[in-house]
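I have placed the structure first, in the form of structure tokens, so that the comments after it can refer back to it.
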Amino acid sequence: AGGAMVNMVCIHIIVAVGAVLGLAETRDAGRGPGAVASVLRRTIGPLVAYAFFAAAMAGVLSIVYS
């Protein structure tokens, strides 16, 4: 589960996918973050939800199997 969570926000993977899809790294001639940064920002919420769910499941399983 930890490897999957790190893979969600791995900057190397996001940049590689952005290059394949043709996403810009900057917006409007260098002013402000571009599409690659917005992908990273959009994955933070699901990452936190996934981490909370994984921790909750680990807690439940530790109670059940102890």
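The values are calculated or read from the model by the stated rules, or taken from the named source; none is laboratory data. Computed from a predicted model, the values in this text were never measured in an experiment. A quick note on method: Cβ atoms are made from the backbone with ideal geometry, for glycine too, and the neighbour counts reach across all protein chains shown. The area values use the complete protein model at the heavy-atom level, side chains included, leaving out ligands, DNA and RNA. Shrake-Rupley method; radii C 1.70, N 1.55, O 1.52, S 1.80 Å.
Per-structure values
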{"quantity": "R0 of 25 Å, Cβ-Cβ distance residue 47-residue 25: FRET efficiency to nearest 0.05", "calculated": "0.75"}
{"quantity": "Per residue, in Å², the accessible surface of the chain once ligands and nucleic acids are set aside, probe 1.4 Å", "calculated": "73 Å²"}
{"quantity": "Quarter of Cα convex hull surface for the chain, i.e. mean projection, nm²", "calculated": "5.1 nm²"}
{"quantity": "Carbon and sulfur %, accessible surface of the chain computed with the full protein complex present, 1.4 Å", "calculated": "71 percent"}
